[in-house]
Amino acid sequence: MTDSWRSPRRLALLAIGTVTVLYLVAPMLVIVPMAFTSGQSLSWPPQGFSTQWFDRMLSNPAWTRGFQNSALVATLVAILATILGTIGALGLVRGRFPGKGVANALVLSPLIVPVVIIAIGFFSFYARFKLTGSLPGLVLAHTALAVPFVIVNVGAALRTIDRNLELAAANLGANPVQTFRRITFPNILTGVLAGAVFAFITSWDEVVVSIFMTSARFKTLPVEMWEQVRQVVDPTVAAVATSLMAVTTTLFVFAFVIRRQVPGR
């Protein structure tokens, strides 16, 4: 095994992967030191060390409201998307019906359609029902973006289950609800949890759809950051971005650990 990792091909792939990761992560690594600068403006390299910008972030009502609104929306989205995504995954993986491939493509389309097109569509549709600028409208819009991630994770977990376990439960007299509760759900729990985490992250970081769906009275944290960057650029934005990335990174690690677990254990 050790010799295989020393082969030129393996080393080349490792080098390419490392460079790619560094290229993608470099912008974030630049923002973090700037959040701790003692200077009064965003500049590189940062001047000195200070936590004053985190103090200003916590003392600014606009930022704290943004954190609270984003946490509320992301939590509601995670709950709703997990329920809908789990049901959808069961139908797409276990179901047998005409047009299954088309249905699967439509459900997963938010993963490939440009977000700005989705945002314009949501705004045009929700404006007729006066849902723009409201909490329910934003939650529903984010849920549509988050459901595909739940379906992918739960669907992957469903495909690892031995169908004989479910058939045995049915032969022993368990109805479909009991079979799902006692056999299927415990085995797909890791996929459900991972999907919920990805749904939360999707809503937590979303900005394009949020710009169209929020109002002056209700803004999420990414929208507040967008508006602040357009008006006043100071290190407080870097402090907020660092906090946002810290939450997202922690959840990504949590989701990765969950997905590494063996289903049903």
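The values are calculated or read from the model by the stated rules, or taken from the named source; none is laboratory data. Note that the structure is a prediction, hence the values are computed from the model and not measured. All Cβ positions, glycine included, derive from the backbone under ideal geometry; neighbour counts span all protein chains shown. What goes into the accessible areas is simple: the full protein's heavy atoms, side chains included, and nothing from ligands, DNA or RNA. Shrake-Rupley method; radii C 1.70, N 1.55, O 1.52, S 1.80 Å.
Ala146 meets each of the listed conditions (1) closer than 24 Å to Thr220 by Cβ; (2) open to solvent by less than 10 Å² (accessible area, probe 1.4 Å); (3) over 18 Å from the mean Cα position of the chain (by Cα) apart from (3). Taking the stretch 16-50 as the region of interest, how many residues are in a loop (DSSP other than H, G, I, E, B) and not small (Gly, Ala, Ser)? Matching residues across the stretch 16-50 total 9. Can you name every residue in the stretch 157-196 that is charged (D, E, K, R) and closer than 16 Å to Val93 by Cα? Listed by number, the residues that qualify are Arg159, Asp162, Arg163, Glu166.
If you go through the stretch 10-34 and keep only what is surrounded by 11 or more Cβ atoms within 10 Å (Cβ to Cβ) and of a type in the set (Val, Ile, Thr), you end up with Val30, Ile31, Val32.
Within the stretch 117-130, restricting attention to residues that are surrounded by 13 or more Cβ atoms within 10 Å (Cβ to Cβ) and either among the basic types (Lys, Arg) or in contact (Cβ under 8 Å) with a residue 40 or more places away in the chain (or both), which residue is farthest from Ile211 (Cα to Cα)? Don't jump to the end; show me each part of the working.
Our first condition is that a residue be surrounded by 13 or more Cβ atoms within 10 Å (Cβ to Cβ); within the stretch 117-130, this holds for 118-123, 125-127.
The next check asks that each one be either among the basic types (Lys, Arg) or in contact (Cβ under 8 Å) with a residue 40 or more places away in the chain (or both); those that pass are 118-120, 122-123, 126.
Numbers: Ile118: 12, Ala119: 8, Ile120: 10, Phe122: 11, Phe123: 10, Tyr126: 14 Å.
The selected residue is Tyr126.
Could you tell me which residue of the stretch 189-241 is most open to solvent (accessible area, probe 1.4 Å), considering only residues that are closer than 13 Å to Asn69 by Cα and among the acidic types (Asp, Glu)? The extreme case among them is Asp205. Among residues that are open to solvent by less than 40 Å² (accessible area, probe 1.4 Å), within 30 Å of Val233 (Cα to Cα), assigned to a helix (DSSP H, G or I) and of a type in the set (Phe, Trp, Tyr), Phe54 is included.
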